[in-house]
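The values are calculated or read from the model by the stated rules, or taken from the named source; none is laboratory data. Computed from a prediction, not measured in an experiment: that's the story for all the values here. Note that we place each Cβ from the backbone using ideal geometry, even for glycine, and neighbour counts take in every protein chain shown.
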Amino acid sequence: MLARNATDIGLIMRERRRKLGLDQGELARRIKVSRQWIVEIEKGKPRAEIGLVLRALDALGLRISIDTGDKIEAGKTDIIPSVDLDELLDDIMRDDFRIDDPGRKLP
């Protein structure tokens, strides 16, 4: 399931809680928060403490997975090319530096 914002996360949590047969009060007791906190999270509260959200997700048997949205080739582990920042800064500080230089190596 893809969650793009706090509202999506809240809806997923509410759906899962209901599927497990838990009321808001029971979930709140399990993760040691107020019932009002559960109400706010399920409504998509955008500024919730991440530790509490993770605890709630765990109590509901939900996991978080983060990805870039890029397709990764099988067996490829380095999805972000490495860049030598010192070399890049040296290039930028040159008087004759041009971003459109065809001979310039880009990451």
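When only residues in the range 13-52 that are β-branched (V, I, T) and modelled with pLDDT of 95 or more count, which is surrounded by the fewest Cβ atoms within 10 Å (Cβ to Cβ)? Steps first, answer last, please.
We begin by selecting, within the range 13-52, every residue β-branched (V, I, T); these are 31, 33, 38-39, 41, 50.
If we keep only those that are modelled with pLDDT of 95 or more as well, we get 31, 33, 38-39, 41.
Working: I31: 17, V33: 18, I38: 24, V39: 14, I41: 22.
Among residues in the range 13-52 that are β-branched (V, I, T) and modelled with pLDDT of 95 or more, the one surrounded by the fewest Cβ atoms within 10 Å (Cβ to Cβ) is V39.
Exactly one condition in (1) closer than 18 Å to L22 by Cβ; (2) in a loop (DSSP other than H, G, I, E, B) is false for A56; which is it?
(2)
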